[in-house]
Amino acid sequence: MGIVGRFVCFVACVLLLGVQECHAFLREIAPGQEVKLGADEGLLLVSVDTLAEIYYVRIQKEGNIFSSAKLQDLKQGVTTKLYAAPAGKYRWDRVGLLANYYYELSDEVEFKFEIRPGVVNYPGDLLFRRSGGTRSRMRTMDRALQAMDWLETQFPSLNSMKFVYIGHYADPFVEHYRKLRAAHPEKKLADLDKLSELPSPLTPSLPIEELWQTGRIASVSVNPAGDLLAESVYEKEKWGIDLIDLRASEVRRLVNPPFRVESMQWFGNRTLVASLGEPGDKNFIAAFHVDNAVGKPLNARNVNLPYTGRVVGGSSPDPRRILIASASPGGKPMVHPVDMTSDASVKNSDRSFDTRLNKGLNDDYLWYADGAGSVRAALAMVGKQISLFYGQSGSYQELIRFKEDDEPYFVPFQVSPNGGLIYGFSDYGRNQRDLVVFDPSTKTIAQTLFSKEGTDIQDVIFNRAGAPIGARYYDSGNLVSSYFDEADRRLNALIEKAFPDKTAVVMSRDDEGKVAILGVDGSDFPFTVYRLDTETRRASLIDEATPSLSKKKWTPSVVVRARGADGQSIEAYLTLPSAAGKRPLIVLAHGGPIGIRDQRHFDPEVQFLAGLGYAVLQVNFRGSEGYGRAYREAAKGGYGTLIEDDIDSAVDAALAAYPLDAGRMCAMGTSYGGYSALMSAVRHPDRFRCVVSISGISDRILSFTASDGAFNAVRRKALEKYIGNPNDGSDALLRTSPIYRLDELKAPVLIVHGTEDERVDYENARRLVRMLNLAGRPPSLIRLQGEGHGIRDMKNRAQTYPLIAAFLSRHLSTAAPPAGEEKRSSPEPAP
């Protein structure tokens, strides 16, 4: 803007706001420029992290449209600027992708902050990521260490000025770090990101790509007659639907869609309807009409829906009345019965807005139909909350309003075949999650269909008519089924006898009960599908999810039971490889920690470690899913303390009962498990020889200031409920944050972290590397460029796990490494 333009803006501002307010402009300060602040001014350090080019980002002072700053022509990466700004309230105001195409942020409280005078104010990095199409996500991330490094490099004269993170919570790391830096003036910034050199990667006996391969079987569904089986498969990065004639053992590939096979459902004996696309999205829908006359090859004729939509669950079994949810020309949701017997019948099916079955509902997005094909219940948005509605034929009443910060009274699953009841889950006022029946007429839970003391229901088993016939839950790490009918219980007993100590569940079965399709797996048994003939009581192999893995011998797990220090019952699983003498032990903590659990399914990571000769202990500590409400809630406030007490108890029990070498143990885990591994080594400096932290938290304050789990007020309130409020009691959070306990962290540390981790931001790794260097014990680091939370990219797995194997081998060899002889590399930056 030229002199004339600035003068015109200033005059307009004076006329609107007065002279004093109109001197409140933000002034950019260039590196090397002398910093001079007015009496009521502070410095504002802003960073924008983007993977796409941005035309501009605007920062605006509240109540003054003339006081703003623009970061323009931002390239991929991080752009950082320093401004002198009057004290007051500001906001990240707008992100412009083009001159007239932008995202407005001004109404979002998450993007507001307040500048204080006389200090360096840092509101966090603005993270901008494209999600596809016109969708993007934006949030702020506290990367104070990265910001302080930039400031130290670009403005060394400001090192003595107070630096303040001005997010929703204070960040005590800033002051803590600056005090340590002041205590070590001899250590320059370039000296504080050294890394301990990793040994050469160990080549695994089985390629990582093979061990971690995606199972080719996604789902199966048998028709009512029990003679045709549909199987959705994913192999060689392509989806397919196979049709298997169970009488003739003939297989035909129906289609290789360019999309995921989201669901399959039989409508009668000869019509298979498939939804193609991602869960929750609008899918392409195809019907396959099958002719499998005896003695003739399988033949199928397909009918495609000419628009996208979703099949509504609970639809009538009649292929002439398949309920399809789609969008009107104005974008409103519509549910209609569609006749998919032919292209002509699809075309002639009424799809007008006035004849929709969900008339009377607004902002609805999920529907529940009865056996006659009528929409009886739906979930809909009411403001920013989800509500359950019930009714039919254009008249619906609200039953339950689900408030994000409240415990739900009832979670719907499916309506009854006659539409008069709703089946679902509830643990409200109960000791565990039960299968219950909700009566819409009284708006109350009318009956408990299944309950097992101290055990959470995982799934409901329905017959083809839509009536519940059983429930599933975990028992000793295996998913088991409990049926209501005596005949079904006898069948289940037969299955459990045929596949002892395995997860063996009926995935689909015919209407007469003669054919059951079983899914079977175990800790040493990759997922496999069998056909059980209930009359001959024989099971025959249909398919293997990972044929190459099924041919190999794997290490089974056993259940270890322990008692916590407070008497709490704890269940753990030990995978113990066959070998002479005592085996070194990897304590592998799961993530979460609340509502997540370990099971005894086939686990590539566990088998990888066992294949190296290590025993692996997985502990379902308090907070883990499946053990009832009290067990889940017992983890509140127990991060780094009570949870790790449980892990200690399980380790003690395993050491007492099995041939394990207590002198050769390593703590390892991902997400919370990575944090737990660090804290276990902090709590027991002499117990663990090493630590492997994958996507692990190092500073618990960052769970509130640099995580998608705390992006809005509701999420932050939930975190405060389980973790504690940093603004009220940050001391407890600091005592259980590894970066504040580094004097006790003696074991060598390997950090594995992705640069695109939005759950546990990379700032956690950056701080841990820096602080370990200040402590004189540089860690090892595997920085995964572009990786998110955990290690999902196969190339990253193939790079990382051989290095983990080498790290473990170095530190868990028979002879302990001499103290102080950890090999160091030359300085290497940790971005």
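The values are calculated or read from the model by the stated rules, or taken from the named source; none is laboratory data. Just so we're clear, the structure is a prediction, and the values are computed from it rather than from any experiment. Virtual Cβ from ideal backbone geometry, glycine too; neighbours counted across all protein chains shown. Remember, those area values only see protein heavy atoms, side chains included, never the ligands or the DNA or RNA. Shrake-Rupley method; radii C 1.70, N 1.55, O 1.52, S 1.80 Å.
Side notes on the structure shown:
- Alpha-carbon centroid distance for the pair segment 762-810 / segment 395-421, whole angstrom: 45 Å
- Spin-label model, Leu541 to Lys497: label points 7 Å out along the Cα-to-beta-carbon direction sit 2.4 nm apart.
- Considering only Asn358, Gln385, Met340, the residue lying farthest towards the positive end of the dipole of segment 340-408 is Met340, judged by Cα position with unit charges set on Cβ.
- Remark: the Cα gyration tensor places segment 326-381 in the oblate category, a/c being 1.5 or greater and a/b not exceeding b/c.
- Put a dot 7 Å past the Cα of Asp652, heading toward its Cβ, do the same for Ser809, and the two dots end up 3.5 nm apart.
- In Hz, Karplus ³J(HN,Hα) per residue of segment 31-46 (6.51, -1.76, 1.60; θ = phi - 60°; x = Gly, Pro): x, x, 7, 5, 9, 10, 10, x, 4, 10, 10, x, 9, 10, 9, 10
- Beta bridges per DSSP with both ends in the chain, % antiparallel, nearest 5: 85 percent
- Helix 642-657 axis, angle to the chain major axis (alpha carbon atoms, nearest 10°): 60 degrees
- Over the chain, the hull volume per residue, using the convex hull of the C-alpha atoms, is 190 Å³.
- Accessible carbon and sulfur surface of segment 107-222 relative to its total accessible area, %, 1.4 Å: 51 percent
- Here the extension length gained between Gln72 and Lys89 equals 3.9 nm, from 0.36 nm per residue of separation less the Cα-Cα distance.
- To put it simply, the accessible area of segment 678-736 at a 1.4 Å probe is 47 percent carbon and sulfur.
- Angle between the chain longest axis and helix 486-498 axis [Cα atoms, degrees, rounded to 10]: 70 degrees
- Under Karplus coefficients 6.51, -1.76 and 1.60, residue-wise ³J(HN,Hα) of segment 426-431 in Hz, glycine/proline x: 7, 10, 5, x, 10, 7
- Gain on full extension, evaluated as 0.36 nm per residue between Ala775 and Ser136 minus their Cα-Cα distance, stands at 226.0 nm.
- Portion, in percent, of the accessible area of segment 425-501 that falls on carbon or sulfur, probe 1.4 Å: 46 percent
- For segment 329-358 and segment 167-227, distance of Cα centres in Å: 48 Å
- Computed from the alpha carbon atoms alone, the convex hull of segment 719-799 holds 113 Å³ per residue.
- For Lys194, a cut-off of 28 angstrom between C-alpha atoms picks up these lysines, skipping any fewer than 8 places away in its own chain: Lys81, Lys162, Lys179, Lys746, Lys795, Lys823.
- Calculated SAXS-style log₁₀ I(q)/I(0) at q = 0.22, 0.27, 0.28 Å⁻¹ - segment 549-595, Debye, Cα scatterers: -1.03, -1.16, -1.17
- In sequence order, segment 578-586 has phi-based couplings of 6, 5, 7, x, 7, 9, x, 10, 9 Hz under the Karplus curve 6.51 cos²θ - 1.76 cosθ + 1.60, θ = phi - 60°, and Gly or Pro positions carry x.
- If R0 is 30 Å, the Cβ-Cβ spacing of Glu453 and Val559 corresponds to a FRET efficiency of close to 0.95.
- Nearest-ten-degree value, helix 144-154 long axis tilted from longest Cα axis of the chain: 40 degrees
- Model label zone, Phe259; criterion: amide N under 11 Å from point 7 Å along Cα-to-beta-carbon; scope segment 337-353: none
- Binned Cα-Cα distance frequencies in segment 593-645 - 10 Å width, integer %: 25, 40, 28, 7
- Relative contact order, percent, the chain [alpha-carbon distance under 8 Å, six or more residues apart]: 9 percent
- The C-alpha radius of gyration of segment 542-645, expressed as a fraction of 2.2 N^0.38 Å, stands at 1.21.
- Sequence of Thr444, Thr50 when ordered by accessible area, the most exposed leading, probe 1.4 angstrom: Thr444, Thr50
- Sparsely packed loop sites in segment 162-268 (the trypsin sites (Lys or Arg not before Pro) outside DSSP H, G, I, E and B with at most 15 other Cβ atoms within 10 Å) comprise Lys162, Lys187, Lys188, Lys236, Arg247.
- Solvent exposure of the chain as accessible area per residue, Å², 1.4 Å probe: 43 Å²
- For the pair Arg715 and Asp511, the difference between a 0.36 nm per residue extended length and the Cα-Cα distance amounts to 68.9 nm.
- Dipole magnitude (debye, nearest 20) for the chain, charges at Cβ of Lys, Arg, Asp, Glu: 760 debye
- 16 Å tail of the calculated P(r), segment 411-469, as % of Cα pairs: 39 percent
- Of Gly477, Pro412, Gly466, farthest towards positive along the dipole that unit charges on Lys, Arg, Asp, Glu beta carbons give segment 408-498: Gly466
- On a per residue basis, the convex hull of the C-alpha atoms belonging to segment 578-725 measures out at 116 Å³.
- Compactness relative to 2.2 N^0.38 Å, alpha carbon Rg of segment 306-420: 1.09
- With both labels modelled 7 Å from their Cα along Cα-to-Cβ, the Ala39 to Ser395 distance reads 7.2 nm.
- FRET efficiency for Asp318 and Asn431, using Cβ-Cβ distance with R0 set to 30 Å, rounded to 0.05: 0.10
- Span from the segment 597-618 Cα centroid across to the segment 682-740 one, whole angstrom: 26 Å
- The charge dipole of segment 371-516, taken about the Cα centre with unit charges on the Cβ atoms of Lys, Arg (+1) and Asp, Glu (-1), comes to about 260 debye, rounded to the nearest 20.
- Estimated FRET transfer efficiency (Tyr365, Asn725; beta-carbon r; R0 51 Å; 0.05): 0.95
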